[in-house]
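Chemist: The structure that follows is given in the form of structure tokens.
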Amino acid sequence: MLERTRSKKQTEITFVLPVGHPAGEVSVVGDFNDWRPGAHPMAERPDGSRAVTVTFPVNQHHGFRYLADGGHWFDEEGADGHDGRNSLLHT
């Protein structure tokens with residue numbers, strides 16, 4: 001799930017995964033962090049879900065995926081789109 005907070009110059013996107021999906025550590029990896037695993041690790045919230053917030057300039061497009069333990073890549077079903085390889089985000 002993607003949660004958004006917008007202002008005139010920036011958009012904060014909080015990437016959220018439900019409780020226990022998947023097990024182990026997960027990070028958000030995309031063109032905004034040069035596809036570096038671990039650059040944006042997800043932290044557990046009090047309700048057990050996991051999240052990380054990234055701030056972007058407005059009116060940009062980004063590709064991203066989630067990377068879990070064991071090299072397991074997966075997409076965000078609630079993304080703004082998919083290009084066949086990545087989840088897409090519009091800020």
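Bear in mind that the values in this text are calculations on the coordinates, not laboratory data. Model, not experiment: these values are computed from the prediction. For neighbour counting, all protein chains shown are included, and Cβ atoms are generated from backbone atoms with ideal geometry for every residue, glycine included.
Chemist: Between residue 59 and residue 34, what's the calculated FRET efficiency when r is the beta-carbon distance and R0 is 25 Å? Round to 0.05. Before the final figure, lay out the partial values.
Modeler: Values: r = 21 Å, r/R0 = 0.84.
With a Förster radius of 25 Å, E is 0.75.
Chemist: From the square roots a ≥ b ≥ c of the eigenvalues of the alpha-carbon gyration tensor of the range 1-44, which class results: rounded (a/c under 1.5), prolate (a/b over b/c), or oblate? All intermediate terms of the calculation are to be shown ahead of the outcome.
Modeler: Details: a/c = 3.18, a/b = 1.38, b/c = 2.30.
Note, shape of the range 1-44 comes out oblate.
Chemist: At 0.36 nm per residue, minus the direct Cα-Cα distance, what do residue 77 and residue 19 gain on full extension? Give it in nm, one decimal, please.
Modeler: 19.3 nm
Chemist: Sticking with this structure for a sec: Roughly how big is the chain's charge dipole about its Cα centre, with Cβ charges of +1 (Lys, Arg) and -1 (Asp, Glu), in debye to the nearest 20? Provide the component values of the computation, followed by the final result.
Modeler: Numbers: 9 positive and 13 negative charges, 73 e Å.
Dipole size: approximately 340 debye.
Chemist: Report which label in [x] 13.2; [y] 15.7; [z] 19.6 holds the value of Kirkwood radius over Cα pairs in Å derived from the coordinates of this structure.
Modeler: From the options [x] 13.2; [y] 15.7; [z] 19.6, the structure gives [x].
Chemist: Roughly speaking, what is the stretch gain from residue 85 to residue 43, that is 0.36 nm per residue apart minus the C-alpha to C-alpha distance, in nm to one decimal? Could you put the intermediate results ahead of the total?
Modeler: Details: separation 42, 0.36 × 42 = 15.12 nm, distance 2.52 nm.
The span from residue 85 to residue 43 would gain 12.6 nm if fully extended.
Chemist: Moving to a separate point now. Putting +1 on Lys and Arg Cβ atoms and -1 on Asp and Glu Cβ atoms, find which of 56, 19, 89 reaches farthest to the positive end of the dipole of the chain.
Modeler: So the residue furthest toward the plus end is 56.
Chemist: I've got another one for you. Report the longest stretch of the chain that contains none of the trypsin sites (Lys or Arg not before Pro) sitting in a DSSP loop with at most 14 other Cβ atoms within 10 Å. Please report the intermediate quantities before stating the final value.
Modeler: Numbers: sites that count: 8, 9, 85.
With trypsin sites (Lys or Arg not before Pro) excluded where exposed in loops, the chain gives 10-84 as its longest stretch.
Chemist: Rounded, prolate or oblate for the range 50-91? Axes are the square roots of the Cα gyration tensor eigenvalues, ordered a ≥ b ≥ c, and the cut-off for rounded is a/c under 1.5.
Modeler: Since a/c reaches 1.5 but b/c is at least a/b, the shape of the range 50-91 is classed as oblate.
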